[in-house]
Amino acid sequence: MIARESRFRETMFGTMRLEGDARARAIRLDLRVATNRVLRPAGSTEARVAGTMHMSGSAGRAPVDGSMEISPLARRRIRYRLSFVADNRMLTLDGWKSVSVRHPFRSMTRLPFTLYEEGARVGDGSLTFRMRDLVAFLGSFRLPRSERDDAFMAPRWKGKPGRTEVWYTTLTDPHTGTGVWLHHELVAPSDGSAAFGHGWAAVFPRAEPVQHARFGPHEWPGTGEGFTLGPVTAVAGRLTGTAGDIRWDLTERRAGTPLFTFPRWSWRLPLLPASHILPSARSTYSGTVSYNGTTVNVTDATGASARIYGHGNGQEWAWLHADLDDKNVLEIVAATSRKPLLRGLPPMVFLRLRNGDETWPRRAERSAVGWAGFGRFRAAIGLPSWSVTGRVGLRRIRAVVTQPPERTLVLGYTDPDGSGATCNNSEQADVHVVVERWWGSWRTEAEWRLAAAAHAEVGIR
């Protein structure tokens, strides 16, 4: 199901006063607003809000998140409920623009608000939208496509030979450090023989050898909701199955919008050798995973499910999924195609750094091809370490991934044409990520280190 979202940016200026302040503080509020439907001026639309509050004095700058109710005609108001931290206090801003037919400009541009802390009133203030910012405000409106994330779980295969389709999930249990990899695959052989499904499950205990077991192959039943093959299922919100001595029963809670690792159009129009998406950039998992008589009670494990559709595996590839912190997720696919004209080229890098609803680079093509071939990101693929570097505008990034041999599982892949590849997968990889920004010289803007908590893979022929 394909619909349209509404997205726009808004900047307001004003003052706020907390109880006990000698005078009001000057503030600036920069917001990014996203809805799950096209705005309905005559109705009521709920929106997600993220942004930054800039405050004079010791409070400085603080991230903002919350919601909006946009009801200019139905309820004659546009209400804001935003949370942020000031002076080490978690505050909630609650206010609304009271839309008036007699004074449309003044009522639509002035936002009086009240500040609350744990439900108690602790201050107030007012913000104003400046009319000189109207052109920028209107120019920020976008109506991107919004596909339901459960639709991404439905099989893409339409009966053509020489295709591979994958549903996979990786996660790390925060309490035990155990990593889990569930791989579900549909293969339609190039020779036109019957399509089949198969896969495997792998468990990466913190202080024990990696455990894995395969399931299938079995003739593909042609289900429409997701991957279902005997006792193994991978559908929106649920993962269950048995492979050898490994059993799993997990619920999935998606907390982010879809992340298109490759260009968005490549999922709808399979013109590239393959395409890769995450129905949700970040998910959490709860349930049980059992292996060799041991049961891990998984609670709020971080990770993600992903989808791949294409003609088979690359000549070589590297992959990373890293939940860097509570807001930032890094996804990397670097690969060289097996197509004759592309096989000799260096790996093409698709890098997506997601912070809330913002993704950098803005377009997936930017890291892969640069501008007219210049400025493309570079990958140095190897084991036990590999890296990706690149620059867009005033920002550059370097990610170094290490897959220790004792935490890496080596498995064989078979392509639709019968050729083989070897993957080296670790659900306990280490990663060091540095993002720098140009301020007359390169300065570190953000840095992350994950030890045995990143998900990575290197594939070779």
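The values are calculated or read from the model by the stated rules, or taken from the named source; none is laboratory data. Please read these numbers as outputs of a predicted model, since none were measured by experiment. As a convention, Cβ positions derive from the backbone with ideal geometry for all residues, glycine included, and neighbour counts pool all protein chains shown. Surface areas here come from the heavy atoms of the whole protein model, side chains and all, with no ligands, DNA or RNA. Shrake-Rupley method; radii C 1.70, N 1.55, O 1.52, S 1.80 Å.
Side notes on the structure shown:
- Residue match in region 248-265 (condition: open to solvent by 50 Å² or more (accessible area, probe 1.4 Å) and in contact with a helix residue (DSSP H, G or I) (Cβ under 7 Å, 6 or more places away or on another chain)): yes
- Failed item, numbered, when residue 361 is tested on (1) modelled with pLDDT under 90; (2) touching a Ser or Thr at 6+ places or on another chain (Cβ under 8 Å): (1)
- Applying a threshold of 6 Å to beta carbon distances and a minimum spacing of six or more residues, or different chains, the list of pairs starting in region 423-442 at a residue that is farther than 14 Å from residue 389 by Cα and ending at one that is part of a strand (DSSP E or B) and among the aromatic types (Phe, Trp, Tyr) reads 423/413; 427/181; 427/204; 428/204.
- Test: residue 262 is assigned to a loop (DSSP other than H, G, I, E, B), among the aromatic types (Phe, Trp, Tyr) and either within 19 Å of residue 309 (Cα to Cα) or in contact (Cβ under 8 Å) with a residue 12 or more places away in the chain (or both): yes
- Subset of region 275-309 (residues that are of a type in the set (A, V, I, L, M) and without any contact (Cβ under 8 Å) to a residue 60 or more places away in the chain): 278
- If you go through region 152-174 and pick out every residue that is part of a loop (DSSP other than H, G, I, E, B) and over 23 Å from residue 408 (Cβ atoms), you end up with 9.
- The set of residues in region 419-448 that are surrounded by fewer than 13 Cβ atoms within 10 Å (Cβ to Cβ) and in a strand (DSSP E or B) comprises 420, 443, 444, 447.
- Residue match in region 98-112 (condition: on the phi < 0 side of the Ramachandran plot, part of a strand (DSSP E or B), touching a Lys or Arg at 6+ places or on another chain (Cβ under 8 Å) and touching a residue at least 40 places away in the same chain (Cβ under 8 Å)): yes
- Taken over region 75-93, the residue count meeting the criterion of being surrounded by fewer than 15 Cβ atoms within 10 Å (Cβ to Cβ), part of a loop (DSSP other than H, G, I, E, B) and either of a type in the set (D, E, K, R) or in contact (Cβ under 8 Å) with a residue 12 or more places away in the chain (or both) is 2.
- Residues located in region 360-386, provided they are under 20 Å from the mean Cα position of the chain (by Cα) and either under 19 Å from residue 437 (Cβ atoms) or part of a strand (DSSP E or B) (or both): 360, 361, 362, 366, 367, 377
- Test: residue 384 is surrounded by 15 or more Cβ atoms within 10 Å (Cβ to Cβ) and farther than 30 Å from residue 209 by Cα: no
- For region 324-343, the count of residues that are open to solvent by 50 Å² or more (accessible area, probe 1.4 Å), part of a strand (DSSP E or B) and either in contact with a Leu (Cβ under 9 Å, 6 or more places away or on another chain) or small (Gly, Ala, Ser) (or both) is zero.
- Complete set of residues in region 309-318 that are closer than 28 Å to residue 435 by Cα and surrounded by fewer than 23 Cβ atoms within 10 Å (Cβ to Cβ): 316, 317
- In the set (1) open to solvent by 40 Å² or more (accessible area, probe 1.4 Å); (2) farther than 20 Å from residue 141 by Cα, residue 9 fails one condition alone, (2).
- Count of region 52-62 residues which are in contact (Cβ under 8 Å) with a residue 24 or more places away in the chain and part of a strand (DSSP E or B): 4
- Residue 167 touching a strand residue (DSSP E or B) at 6+ places or on another chain (Cβ under 9 Å), of a type in the set (A, V, I, L, M, F, W, C), within 30 Å of residue 232 (Cα to Cα) and surrounded by 14 or more Cβ atoms within 10 Å (Cβ to Cβ): yes
- In summary, residue 179 fulfils each of the numbered conditions (1) free of Cβ contacts under 8 Å to residues at least 60 places away in the same chain; (2) farther than 30 Å from residue 38 by Cβ with the single exception of condition (1).
- Qualifying residue in region 214-223 (condition: within 18 Å of residue 171 (Cβ to Cβ) and either within 25 Å of the chain's Cα centre (by Cα) or of a type outside the set (A, V, I, L, M, F, W, C) (or both)): no
- Checked against the criteria, residue 64 does not count as among the aliphatic types (A, V, I, L, M) and loosely packed, with under 15 Cβ neighbours inside 10 Å.
- Taken together, the criteria exclude residue 399 from residues that are of a type in the set (A, V, I, L, M), more than 22 Å from residue 308 (Cα to Cα) and surrounded by fewer than 17 Cβ atoms within 10 Å (Cβ to Cβ).
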